Amino acid sequence: MKGIGTTAPLSSVQWSSATYYGNRTADLNFEIVLHESTNIVELLYQRLAPLPVGYVPTVGMESISGVESTALCSTAGQTCSIVSGNVFRFTPR
């Protein structure tokens, strides 16, 4: 993890040169951007290595209590295509 950057009204956390669990050769760069004035959350995937065989990604958000959640894609039979350059945006209701 690279660190936390803040430029109001934005905060971000970036992972540089991260790896997949169980595959330490992958080179992944991705970031979470929090838009504090609108509560929009963006997941930015800058550079991703191909998924290892058998890996099924999940992209979503969950409440702190774990009671509420939303998934854009997960293991529940949905196709989850995450590639370099993808941006997923969560906008509050």
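The values are calculated or read from the model by the stated rules, or taken from the named source; none is laboratory data. This structure is a prediction, so every number in the text was calculated from the model and none was measured. Neighbour counts run over all protein chains shown; Cβ positions are idealised from the backbone, glycine included. Surface areas here come from the heavy atoms of the whole protein model, side chains and all, with no ligands, DNA or RNA. Shrake-Rupley method; radii C 1.70, N 1.55, O 1.52, S 1.80 Å.
On inspection, Val67 qualifies as among the hydrophobic types (A, V, I, L, M, F, W, C) and either touching a helix residue (DSSP H, G or I) at 6+ places or on another chain (Cβ under 9 Å) or open to solvent by 90 Å² or more (accessible area, probe 1.4 Å) (or both). Selection of first residues in the stretch 71-92 that are polar (S, T, N, Q) and of second residues that are modelled with pLDDT under 85 and open to solvent by 50 Å² or more (accessible area, probe 1.4 Å), restricted to Cβ pairs under 9 Å at least 6 apart or on distinct chains, gives the following pairs, ordered by first then second residue: Ser74/Val56; Ser74/Thr58; Thr75/Val56; Thr75/Thr58; Gln78/Ala71; Gln78/Leu72; Ser84/Arg47.
Of the residues Ser11, Ser74, the single one that is touching a strand residue (DSSP E or B) at 6+ places or on another chain (Cβ under 9 Å), among the hydroxyl-bearing types (Ser, Thr, Tyr), at pLDDT 85 or above and open to solvent by less than 50 Å² (accessible area, probe 1.4 Å) is Ser11.
One residue stands out in the stretch 26-64 among those that are polar (S, T, N, Q) and open to solvent by less than 60 Å² (accessible area, probe 1.4 Å): the one that is modelled with the highest pLDDT, namely Asn29. Restricting the first member to the stretch 11-38 and to residues that are closer than 15 Å to Pro57 by Cβ, and the second to residues that are among the basic types (Lys, Arg), the beta-carbon pairs closer than 9 Å and six or more apart or on different chains are Trp15/Lys2; Leu28/Arg47; Phe30/Arg47.
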